[in-house]
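Single-structure report; data block below.
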Amino acid sequence: MHDPSLWTELIAYGSGISLSPIHVGLLLLLLLGEHPLRRGGLFVLSWVVTIAVMVTVLLTLGHGLLLTMEQGSSHRTALDLMGAGALLTLGVRELLPTSRGAGLEEAPGWTRQLDRFCRLPLPLLIGAGAALEVVSPDDLFLMAKGASALLAAQLGRGQELLMAAVFTLASSLLLLVPFLAVALARERMLPRLESAKKLLFARGDLVVGGLSLALAAYLAWQGIEGLRMV
C-alpha cells in the first residue's frame, strides 16, 4: 500500500495545476459554443497528454541524473525555495488591484483574450493551450514537485506509472468534470456552465492569487525544513 502522504502530495499538487483559469475558461467557452464535444474533448485530451508527457520527461530526467529528492536533499530544497519564490511573485501580482483593472467589477485582462483564442482553428488552439501550460511557472513547479514526490517514494516502475497516472488525473479534474457533465446532459448543464464562466471571469484572479500564496507558504516551509536538515 502506498504512503498516504504521497497520495496527499500528488492530489494537492495536481489540484493546483488543474485550477488554471485560462484553460478552464477556454474549455467553458468551447463547451458553450459549436461542436462542444469534439472541440472540448480534443482540448481536454491535449491537456491530459501534455501533463503526462511533462511528468514522464521529469521522471526520466530524475532517474537518468540519479537525483536524490528526499526531504533535506539539496535538489529538493532548491526546488522548494525556487518554487516558493515564483509562486509568491505570481500570487502577489494576481492579488494587486492594478492587475485586475481599474475596479473589482472589471473582468481581468486575460478574460478578454479568451474569445480571440476560441476563434483560432482547433489545431492552433490546442497548440496554444499546450504552450501556455508548459510555460506557466506555477504549473511547471507543481509538475516538478509531483515528479520529485514520485522519485522520493522510490517506487517500482509499475507503481510509479500508476501514481503518475493518479497525478495526471488530479491535474485534469477541473477540465474533465465539466466536459463529462456536458457529454452526459448538455442541455441541463448549459445554464450552470454559463454561471461558472461568469464566476470564473469575475473571481479567477483572486482564486489563483490565493492558491499561489498558499502553495508558496507550503513550499517555503518545506524548503526551510530542508535547510535545517542539512
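May I ask you to list pairs of residues, at least six apart or on different chains, whose Cβ atoms are under 8 Å apart, with the first in segment 126-137 being of a type in the set (A, V, I, L, M) and the second being open to solvent by 40 Å² or more (accessible area, probe 1.4 Å) and outside any helix (DSSP H, G or I)?
128/120
Name the residue, out of 17, 11, that is within 18 Å of residue 214 (Cα to Cα), open to solvent by less than 20 Å² (accessible area, probe 1.4 Å), of a type in the set (Val, Ile, Thr) and assigned to a helix (DSSP H, G or I).
Selected residue: 17, the only one of 17, 11 that is within 18 Å of residue 214 (Cα to Cα), open to solvent by less than 20 Å² (accessible area, probe 1.4 Å), of a type in the set (Val, Ile, Thr) and assigned to a helix (DSSP H, G or I).
Taking segment 113-150, which residues are assigned to a helix (DSSP H, G or I), open to solvent by 20 Å² or more (accessible area, probe 1.4 Å) and of a type in the set (D, E, K, R)?
Passing the criteria: 115, 116, 138.
Could you check residue 3 against (1) within 14 Å of the chain's Cα centre (by Cα); (2) modelled with pLDDT under 80 and say which number it fails?
Among (1) within 14 Å of the chain's Cα centre (by Cα); (2) modelled with pLDDT under 80, the lone unmet condition for residue 3 is (1).
Counting only residues that are among the basic types (Lys, Arg) and open to solvent by less than 50 Å² (accessible area, probe 1.4 Å), how many does segment 27-47 have? Steps first, answer last, please.
Kept after step one, since they are among the basic types (Lys, Arg), are these residues of segment 27-47: 38-39.
Cutting the leftovers down to open to solvent by less than 50 Å² (accessible area, probe 1.4 Å) gives us 39.
So the count comes out to 1.
Among all residue pairs at least 6 apart or on different chains, which show Cβ distances below 6 Å where the first residue, located in segment 10-30, is within 22 Å of residue 194 (Cα to Cα) and the second is open to solvent by less than 20 Å² (accessible area, probe 1.4 Å) and basic (Lys, Arg)?
Final answer for the pair search is none.
Among the residues of segment 174-230, what is the count of those that are modelled with pLDDT of 85 or more, open to solvent by 60 Å² or more (accessible area, probe 1.4 Å) and β-branched (Val, Ile, Thr)?
Summing the residues that are modelled with pLDDT of 85 or more, open to solvent by 60 Å² or more (accessible area, probe 1.4 Å) and β-branched (Val, Ile, Thr) in segment 174-230 gives 2.
Which residues, taken from segment 151-173, are part of a helix (DSSP H, G or I), open to solvent by less than 60 Å² (accessible area, probe 1.4 Å) and more than 15 Å from residue 53 (Cβ to Cβ)?
151, 152, 153, 158, 160, 163, 166, 170
The values are calculated or read from the model by the stated rules, or taken from the named source; none is laboratory data. The shown structure was predicted, so the numbers you read here are calculated from the model rather than taken from an experiment. Counting neighbours? That spans all protein chains shown, and the Cβs are built from the backbone with ideal geometry, glycine included. Keep in mind that these areas ignore ligands, DNA and RNA; they rest on the heavy atoms of the full protein, side chains included. Shrake-Rupley method; radii C 1.70, N 1.55, O 1.52, S 1.80 Å.
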